[in-house]
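The values are calculated or read from the model by the stated rules, or taken from the named source; none is laboratory data. As the structure is a computational prediction, the values presented were derived from the model and not from experiment. Cβ: placed from backbone, ideal geometry, glycine included. Neighbour counts: every protein chain shown. Quick note on the areas: whole protein, heavy atoms, side chains included, nothing else; ligands and nucleic acids left out. Shrake-Rupley method; radii C 1.70, N 1.55, O 1.52, S 1.80 Å.
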Amino acid sequence: MISWGNMIKKLILNLSIEFGPIIAFLVSSELTSFINATIIFVVVTSLALLAGYVERGELALFPLIVGISIIGFGLLTIIFDNPFFIIIKDTLYNGLFALTLFIGLLFKKPLLKPLFRGLFSMTDQGWITLTWRWMTMFILLTISNEYARVVFPPETWIIYKGLATVATIIFSLYQFKLSKKERLPEASPWGMRI
């Protein structure tokens, strides 16, 4: 029998690992300078990667890619004392993911499946639909981040980043309707592996 408590615990842990660092960055940016907030972002990202490794016994590919990009561009921001690097990271990261997912779909390979198969257990059609949805989301995030980067100063970009993060969290949670609909028999009612 599926334990709701375990499923909720796993969901909260995964959301904390995925979104905890950015929430720490947004909160700390209100309390300190952009560069100090970036230092906190890099440290909390490193801790989230460690927590993910301890919990799962391995480094999941998606959080690892996200973590490396945050740490790399964050360090450039800190070293050069320039917010440009952490801001442009979102344009490059989201654009690269959108392009990668698009290429995968061209070859009929939903590339989110290997990234999230440890979390979700869905049909192939579910993975294809999820990949199309995230590709579209990444395109929208790329365009909106580039607009915010060009038009707004770093202090205002933080507001955009907060709104984009909230939109991404809501979008992520909405995908549970898809995982529930497209779940495999061994999955939880929401299509998650326990």
> Can you pull out the residues in the stretch 122-144 that are of a type in the set (Phe, Trp, Tyr) and under 13 Å from Ser172 (Cα atoms)?
Replying inline: Trp134, Phe138
> Restricting attention to the stretch 103-116, does a residue exist that is under 26 Å from Ser33 (Cα atoms), under 17 Å from the mean Cα position of the chain (by Cα) and loosely packed, with under 14 Cβ neighbours inside 10 Å?
Replying inline: no
> Which condition does Arg149 not pass, out of (1) at pLDDT 95 or above; (2) in contact with a Pro (Cβ under 8 Å, 6 or more places away or on another chain); (3) basic (Lys, Arg), if it passes all the others?
Replying inline: (2)
> How many residues does the stretch 152-180 hold that are surrounded by 14 or more Cβ atoms within 10 Å (Cβ to Cβ) and either closer than 17 Å to Trp134 by Cβ or modelled with pLDDT under 95 (or both)?
Replying inline: 12
> If you go through the stretch 62-75 one residue at a time, do you hit one that is closer than 29 Å to Phe120 by Cβ, open to solvent by 80 Å² or more (accessible area, probe 1.4 Å) and in a loop (DSSP other than H, G, I, E, B)?
Replying inline: no
